[in-house]
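Since the structure comes first, as structure tokens, the remarks are kept for the end.
The values are calculated or read from the model by the stated rules, or taken from the named source; none is laboratory data. Because the structure is predicted, anything quoted here is derived from the model rather than measured. Quick reminder, even Gly has a Cβ in these numbers, built from the backbone with ideal geometry, and neighbours come from all protein chains shown. Quick note on the areas: whole protein, heavy atoms, side chains included, nothing else; ligands and nucleic acids left out. Shrake-Rupley method; radii C 1.70, N 1.55, O 1.52, S 1.80 Å.
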Amino acid sequence: MAQQLNGKRVAILAADGFEESELASPRAALQGQGVETHVVTPDGKGIRAWAETEWGETYEADKALDDADPADYHALLLPGGLFNPDTLRTDEKALSFVRSFFQAGKPVAAICHAPWILINAGVVDGRKLTSVPSIAQDLKNAGAEWVDESVVCDSGFVTSRTPKDLDDFNAKLIEEIAEGRHSNQHA
């Protein structure tokens with residue numbers, strides 16, 4: 001699989017208040033497979049993590065959203081947390097960035113509350129996915145088929161519920177990136 005991941009790049013779109021483990025763990029798993037990762041933030045500045053019950057570390061940004069071209073990436077990772085997706089789901093540039101990955105058939109991975117962003121991006125209708133249970137009804141209202149499983153993959157679209165699912169989430173994300181584009185992945 002390492003051969004299939006050689007030269008791959010993943011954008012990690014996040015804002016202040018992302019759940020720390022949901023960025024740190026997938027990023028470490030990807031980098032461990034030789035995948036280059038870029039943290040993309042709305043303004044290109046560092047972002048502060050939320051570490052379960054309190055503020056965590058500040059993570060430096062690699063790029064500002066305005067400077068990030070979806071064509072430069074093979075996949076998109078959306079960490080959860082409460083504040084992060086709530087900020088990004090009202091940012092039209094972020095929504096456009098997300099939609100472009102679906103339109104190109106590239107893998108997209110979202111965990112916890114991150115599917116809130118996908119609702120506003122208009123990409124969940126008719127898709128099977130999971131999330132933190134508290135937003136299940138939001139996803140159903142947007143036309144998604146919500147299931148309570150550790151990881152769900154629908155044509156390159158990977159979702160998980162919470163940090164306890166990170167091992168499954170990371171493994172499936174790596175598998176989908178190795179597979180490449182998915183013809184049924186669409187906006």
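Specify the residue that is nearest to L76 (Cα to Cα); the eligible residues are those in segment 8-44 that are open to solvent by 50 Å² or more (accessible area, probe 1.4 Å) and part of a strand (DSSP E or B). Residue satisfying both the conditions and the ranking: R9.
Checked across segment 84-104, the condition of being at pLDDT 95 or above, part of a loop (DSSP other than H, G, I, E, B) and open to solvent by less than 10 Å² (accessible area, probe 1.4 Å) holds for no residue. When segment 34-84 is filtered for residues that are among the β-branched types (V, I, T) and in contact (Cβ under 8 Å) with a residue 60 or more places away in the chain, only V35 remains. For segment 45-79, filtered to residues that are part of a loop (DSSP other than H, G, I, E, B) and touching a Gly at 6+ places or on another chain (Cβ under 6 Å), the residue that is most open to solvent (accessible area, probe 1.4 Å) is E60. Looking only at residues in segment 132-170 that are in a helix (DSSP H, G or I) and in contact (Cβ under 8 Å) with a residue 24 or more places away in the chain, which one is most open to solvent (accessible area, probe 1.4 Å)? Top of the filtered list is P133.
Applying the set (1) in contact with a helix residue (DSSP H, G or I) (Cβ under 6 Å, 6 or more places away or on another chain); (2) within 13 Å of A75 (Cα to Cα); (3) crowded, with 21+ Cβ neighbours inside 10 Å to A178 leaves exactly one unmet item: (3).
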